[in-house]
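The values are calculated or read from the model by the stated rules, or taken from the named source; none is laboratory data. Keep in mind it's a predicted model, so treat the numbers as computed, not measured. Protein only, heavy atoms only, side chains kept; ligands, DNA and RNA dropped before computing areas. Shrake-Rupley method; radii C 1.70, N 1.55, O 1.52, S 1.80 Å.
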Amino acid sequence: MKKQLIVECKHIQENCTYTAEAHHDLADRGKRLGFWFQVVPSVITAFLAAVVMLGWAPLILNGLTVIGAVISAVGNVLNPLKDYFDHLNASKNFTVIKHDARVLHDTFSVTMSDKEFAIAVENLHNRYNDLVRFVPPTDKKAFEEARRRIKDGVHDPD
């Protein structure tokens, strides 16, 4: 019985490793998009608005100011920083469950009875399933990047 429970813990650990890494990739992507769609256009628009306000601007800068403001508005509506925080939090939660699965099968299982271990694994399984229900989805590109990084040994202890 314990061997099957250890196998289940290892499956949860592996699933969490891949999912956490994919969410990290998506969080990084959201952070970069947030910079390019919110920060850069806002700074450019503020600069151009100051130039226009001071009367130093040729007519073309008026149009660029409007374009910069539109890009900022679109960036605020799309809100890539929300995606950043959603995926970052998902990644952190999967990482916690991954470590809980590892310590459960490597350390705690040694001193637990079969019944105690079964209850602990069931609770871990339920936590994992609850998390999967509420996190945003990943995409194929993020998963493939996660797979590559994991296969390269990024999660292997030194």
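For the stretch 87-110, name all the residues that are in a helix (DSSP H, G or I), open to solvent by 50 Å² or more (accessible area, probe 1.4 Å) and not aromatic (Phe, Trp, Tyr).
First, pick out the residues of the stretch 87-110 that are in a helix (DSSP H, G or I): 87-106, 108-110.
Still in the list and also open to solvent by 50 Å² or more (accessible area, probe 1.4 Å): 89, 92-93, 96, 99-100, 102, 106, 108, 110.
Result: 89, 92, 93, 96, 99, 100, 102, 106, 110.
Scan the stretch 4-44 residue by residue and report those that are more than 15 Å from residue 103 (Cα to Cα) and among the charged types (D, E, K, R). Before you say what the answer is, go through the steps one by one.
Going residue by residue through the stretch 4-44, those that are more than 15 Å from residue 103 (Cα to Cα) are 4, 15, 18-44.
Once the filter is applied, which keeps residues that are more than 15 Å from residue 103 (Cα to Cα) and among the charged types (D, E, K, R), the stretch 4-44 yields 21, 25, 28, 29, 31, 32.
Could you please find all residues in the stretch 38-63 being open to solvent by 80 Å² or more (accessible area, probe 1.4 Å) and either among the aromatic types (Phe, Trp, Tyr) or assigned to a helix (DSSP H, G or I) (or both)?
Those that are open to solvent by 80 Å² or more (accessible area, probe 1.4 Å) and either among the aromatic types (Phe, Trp, Tyr) or assigned to a helix (DSSP H, G or I) (or both): 43, 44, 47, 53, 56, 59, 60.
For the stretch 111-124, which positions are in a helix (DSSP H, G or I) and either open to solvent by 70 Å² or more (accessible area, probe 1.4 Å) or at pLDDT below 95 (or both)? Steps first, please.
Restricting attention to the stretch 111-124, the residues satisfying the condition of being in a helix (DSSP H, G or I) are 114-124.
Those that are in a helix (DSSP H, G or I) and either open to solvent by 70 Å² or more (accessible area, probe 1.4 Å) or at pLDDT below 95 (or both): 114, 115, 116, 119, 122, 123.
Would you check which residues across the stretch 1-26 are among the basic types (Lys, Arg) and either open to solvent by less than 70 Å² (accessible area, probe 1.4 Å) or not in a helix (DSSP H, G or I) (or both) and list them?
Here is the first cut: in the stretch 1-26, the residues among the basic types (Lys, Arg) are 2-3, 10.
Hit for the stretch 1-26 is 2, nothing else.
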